[in-house]
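Note sheet for the following structure.
The values are calculated or read from the model by the stated rules, or taken from the named source; none is laboratory data. Remember, predicted model here, so these are calculated numbers, not experimental data. Cβ placement follows ideal geometry from the backbone for every residue including glycine, while neighbour counts extend to all protein chains displayed.
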Amino acid sequence: MNKNNSQIQRTKRTTLNRLSKRGHYDKKTLYSILDSALICHIAYVYEGEPRVIPTAFARIENDFFIHGSRVAGNIKALASGIMASISITRLDGLVLARSGFNHSMNYRSVIIYGAGIKVEKHEEKRPILNAFIDHLIPGRSDDGLKPISEQDLIDTTVIRYPLNEMSAKIRTGHPNDDEEDYNLPVWAGVIPILRQFGEPITDPKMRHPTPTPDYAKTYQK
Ligand SMILES: Cc1cc2nc3c(=O)[nH]c(=O)nc-3n(C[C@H](O)[C@H](O)[C@H](O)COP(=O)(O)OP(=O)(O)OC[C@H]3O[C@@H](n4cnc5c(N)ncnc54)[C@H](O)[C@@H]3O)c2cc1C
């Protein structure tokens, strides 16, 4: 489905109906949003009813992965290869306009469509499971963690979604007010939303005097 290496081909499903100028289909933009997010929401139809579940994810090149207990309801359903729609949203600002109607939000969001493919081989699952850790905290999987056991691999289902049908939508900037409303003496503008991480809190059950690593002290995503 990829037309070339850097663009995702638009489909009927991924074509925006409104404000199409906010649509983006280049991998650089799409992947930067995915890589900056901590969780996704995955929607699917189960026994004829809509379901949506929040979950962690990882991206490796052109594949998106979710994982979970092999007995989790959503994981069992999704591993059977049914269609899913995955949503990732970063909220960047509240946009205060001169009319209630024109209030808005600045955001970056991605919607992915695809049917999941269960990753069966243990040697494939191992680096993918490490990618979940490193997606949240780059380098963490290589910092002396207990190795992933054969039992972990048996107990954990990993599902791959090839990233070949998706769209991004991005809103930036100030309110778009109606021309006559600019005369109103009401404040208008943007309240930026910044993500902040706190000071790491050491587990009181630590048995070795291990210093807090820099990646925890200076964590940013
Ligand atoms: C930030 C975050 C990250 C997560 N990451 C993972 C992950 O990587 N892997 C993983 O397996 N699970 C993850 N979970 C948990 C995941 O959302 C499910 O709860 C989990 O997969 C177990 O589902 P289940 O089999 O109990 O329920 P299912 O059988 O999948 O769902 C049955 C019903 O349980 C309820 N339910 C299930 N999950 C939730 C929920 N999170 N909140 C409210 N109601 C719920 C719903 O009503 C749903 O219809 C994460 C949750 C959060 C919030």
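Brief remarks on what is shown
- Taking residues in the range 33-62 that are within 24 Å of R126 (Cβ to Cβ), and partners anywhere that are part of a strand (DSSP E or B) and among the small types (G, A, S), the pairs with Cβ atoms closer than 6 Å and at least 6 places apart or on different chains are I42/A84.
- Subset of the range 39-49 that is more than 7 Å from the ligand (Cβ to nearest atom) and within 30 Å of L194 (Cβ to Cβ) - its residue that is farthest from the chain's Cα centre (by Cα): A43
- Cross-chain or 6+ apart pairs with Cβ under 9 Å, the range 78-100 first and more than 30 Å from Y44 (Cβ to Cβ), then of a type in the set (K, R): G93/R171; V95/R171
- Selection within the range 63-86 - more than 8 Å from the ligand (Cβ to nearest atom), surrounded by 14 or more Cβ atoms within 10 Å (Cβ to Cβ), more than 14 Å from V158 (Cβ to Cβ) and not hydroxyl-bearing (S, T, Y): A84, I86
- Residues that are modelled with pLDDT of 95 or more, in a loop (DSSP other than H, G, I, E, B) and over 16 Å from the mean Cα position of the chain (by Cα) occur in the range 148-163; there is at least one.
Matching residues to (1) touching a strand residue (DSSP E or B) at 6+ places or on another chain (Cβ under 6 Å); (2) among the β-branched types (V, I, T):
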{"site": "V119", "(1), (2)": "yes, yes"}
{"site": "D134", "(1), (2)": "no, no"}
{"site": "L145", "(1), (2)": "no, no"}
{"site": "S149", "(1), (2)": "no, no"}
{"site": "I159", "(1), (2)": "yes, yes"}
{"site": "L163", "(1), (2)": "yes, no"}
{"site": "N183", "(1), (2)": "no, no"}
{"site": "P192", "(1), (2)": "yes, no"}
{"site": "F197", "(1), (2)": "no, no"}
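- Set side by side, the residues K205, K221 differ, and just one is assigned to a loop (DSSP other than H, G, I, E, B) and closer than 21 Å to S109 by Cα, which is K221.
- Search result, residues across the range 115-145 that are in contact (Cβ under 8 Å) with a residue 60 or more places away in the chain, among the β-branched types (V, I, T) and part of a helix (DSSP H, G or I): I128
- Verdict on I148 being more than 26 Å from T29 (Cα to Cα), away from the ligand (no atom under 16 Å from the Cβ) and free of Cβ contacts under 8 Å to residues at least 40 places away in the same chain: no
- Some residue of the range 15-28 being away from the ligand (no atom under 16 Å from the Cβ) and touching a helix residue (DSSP H, G or I) at 6+ places or on another chain (Cβ under 9 Å): yes
- L145 more than 30 Å from N183 (Cα to Cα) and in contact with a Phe, Trp or Tyr (Cβ under 9 Å, 6 or more places away or on another chain): no
- The range 4-36, residues that are surrounded by 12 or more Cβ atoms within 10 Å (Cβ to Cβ), more than 12 Å from I112 (Cβ to Cβ) and among the hydrophobic types (A, V, I, L, M, F, W, C): L16
- Considering V95, V52, the condition of being more than 16 Å from the ligand (Cβ to nearest atom), touching a strand residue (DSSP E or B) at 6+ places or on another chain (Cβ under 6 Å) and modelled with pLDDT of 95 or more is satisfied by V95 alone.
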